[in-house]
Amino acid sequence: YQYLSRYKRQENLDRFLFIPERTEGTGKECLKLLLDFCGRPSPSWTELSNFTHFLNFQLSKCEKSVFCSPAAGKDFQGF
């Protein structure tokens, strides 16, 4: 939710620090955001679950990538 809400507001994600303990938004807001980004007009709960698991996997990989680290930010801005 933290990534998607900032992405939707067109905030800079290069400097964003994910904090798992921080709760943002309501359950209703989270569900609406997931429905907006899922890419299906009327997704099932399984499709939403698959979308969130895949997104989490990709974001975790990105956070650990040397290409997305602050050190590489000058050379790969916005990557």
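Measure off, as a whole percent, the carbon and sulfur share of the 1.4 Å-probe accessible area of segment 1-72, all protein chains present.
Carbon and sulfur atoms account for 58 percent of the accessible area of segment 1-72.
To the nearest 0.05, how large is the calculated FRET efficiency for ASN50 and GLU11 if R₀ is 30 Å and r is the Cβ-Cβ distance?
Values: r = 26 Å, r/R0 = 0.87.
E(calc), rounded to 0.05, equals 0.70.
Give me the accessible area per residue for segment 1-72, probe 1.4 Å, as a whole number in Å².
Heavy-atom accessible area per residue stands at 80 Å².
May I ask you to derive the FRET efficiency for VAL66 and THR26 from their Cβ-Cβ distance with R0 = 30 Å, giving the value to the nearest 0.05?
0.25
What shape does segment 1-72 have by the C-alpha gyration tensor, where a ≥ b ≥ c are the square roots of the eigenvalues, rounded means a/c under 1.5, and otherwise prolate means a/b greater than b/c and oblate the rest?
The shape class here is prolate.
Around PRO43, under 14 Å between beta carbons, what's the net of Lys plus Arg minus Asp minus Glu among the other residues?
Taking every other residue near PRO43 into account, the sum is 0.
What is the sum of charges, Lys and Arg at +1 and Asp and Glu at -1, for the other residues whose Cβ falls under 14 Å from the Cβ of TYR1?
Here the count lands on +1.
The values are calculated or read from the model by the stated rules, or taken from the named source; none is laboratory data. Bear in mind that the values here come from a model prediction, so they are computed numbers and not experimental data. Don't worry about glycine lacking a Cβ; one is built from the backbone with ideal geometry, like all the others, and counts go over all protein chains shown. The protein model used for the area step is the full one, side chains on, heavy atoms only, and it has no ligands, DNA or RNA in it. Shrake-Rupley method; radii C 1.70, N 1.55, O 1.52, S 1.80 Å.
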